[in-house]
């Protein structure tokens, strides 16, 4: 158990819908990262937050957004969902240059 | 931009045999290097990391990796594989805490 929690574990929705994925970092970690793992793109960095502020952006679509709240939990919002958004979404938090990954949320878009 | 190449998509190894997974990276500065393992339906678990110093690093579950700057490689090894080592293995390069991952190598262990 990494100490990073993600909810929900599974999510099934339809095209065009909007979903929110939630992540709680390890106690004391200020950084949260979001990654997407799909069969065709592999593991890709989406976005990083540090203590509530966006710090780095990767291959994140404009339809996707994230935020980190004062209690340091983070949410990843995915809107206007397409079939190709079906993937495993991981959250990670870091300390001492190590990233600790949550169990992921598996999103299926039908 | 950094990139990570794992040349082997799939490796099959017999239980008790040795295992080596290859990883090559492209990065301008001294990289932070990592190996993660992902079991089916699970998240990513850190096996080991290299930041600086001794180029041979020891990790969990009996794994080790060697950093070779001249070859831009960070290969993962295990002397004797157990059936529970069947999983997908990812090499990653860290820059400003962001990780760039290789495509992964799936390891199958046969009895």
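The values are calculated or read from the model by the stated rules, or taken from the named source; none is laboratory data. In this text, all values refer to a predicted model and were calculated from it rather than measured experimentally. Cβ: placed from backbone, ideal geometry, glycine included. Neighbour counts: every protein chain shown.
Got a sec? Which of B:93, B:57, B:81 is at pLDDT 95 or above, surrounded by 11 or more Cβ atoms within 10 Å (Cβ to Cβ) and within 14 Å of chain A (Cβ to nearest Cβ)? Being at pLDDT 95 or above, surrounded by 11 or more Cβ atoms within 10 Å (Cβ to Cβ) and within 14 Å of chain A (Cβ to nearest Cβ) holds for just one of B:93, B:57, B:81, which is B:57. Residue pairs whose Cβ atoms lie under 7 Å apart, separated by 6 or more positions or on different chains, with the first residue in region A:1-18 and closer than 11 Å to residue A:102 by Cα and the second exposed (fewer than 12 other Cβ atoms within 10 Å of the Cβ), are A:3/A:27.
Restricting region A:74-110 to residues that are free of Cβ contacts under 8 Å to residues at least 60 places away in the same chain, closer than 13 Å to residue A:37 by Cβ and surrounded by fewer than 21 Cβ atoms within 10 Å (Cβ to Cβ), the residue that is farthest from the other protein chains (Cβ to nearest Cβ) is A:86. For region B:55-81, residues that are in contact with a strand residue (DSSP E or B) (Cβ under 7 Å, 6 or more places away or on another chain) and not in a helix (DSSP H, G or I) total 18. Note on region A:6-41: among residues that are assigned to a strand (DSSP E or B), surrounded by 16 or more Cβ atoms within 10 Å (Cβ to Cβ) and over 11 Å from the mean Cα position of the chain (by Cα), the one that is nearest to the other protein chains (Cβ to nearest Cβ) is A:31.
Given the condition within 14 Å of chain A (Cβ to nearest Cβ) and loosely packed, with under 12 Cβ neighbours inside 10 Å, answer yes or no: does some residue in region B:62-73 qualify? Don't jump to the end; show me each part of the working.
As a first pass, look at region B:62-73 and keep what is within 14 Å of chain A (Cβ to nearest Cβ): none.
No: zero hits.
Residues in region A:50-67 that are farther than 21 Å from residue A:18 by Cα and crowded, with 16+ Cβ neighbours inside 10 Å were compared, and the one that is nearest to the other protein chains (Cβ to nearest Cβ) is A:56. With respect to the conditions (1) out of contact with any helix residue (DSSP H, G or I) (no Cβ under 6 Å at 6 or more places or on another chain); (2) touching a residue at least 60 places away in the same chain (Cβ under 8 Å); (3) assigned to a strand (DSSP E or B), residue B:20 lacks only one, and its number is (2).
The residue of region B:96-111 that is surrounded by the fewest Cβ atoms within 10 Å (Cβ to Cβ), among those that are within 12 Å of chain A (Cβ to nearest Cβ) and outside any strand (DSSP E or B), is B:96.
Yes/no matrix, rows are residues, columns are (1) under 11 Å from the mean Cα position of the chain (by Cα); (2) in contact (Cβ under 8 Å) with a residue 24 or more places away in the chain; (3) farther than 28 Å from residue A:59 by Cβ:
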position: B:26; (1), (2), (3): no, yes, no
position: B:31; (1), (2), (3): no, yes, no
position: B:34; (1), (2), (3): yes, yes, no
position: B:39; (1), (2), (3): no, yes, no
position: B:51; (1), (2), (3): no, no, no
position: B:89; (1), (2), (3): yes, yes, no
position: B:107; (1), (2), (3): no, yes, no
position: B:111; (1), (2), (3): no, yes, yes
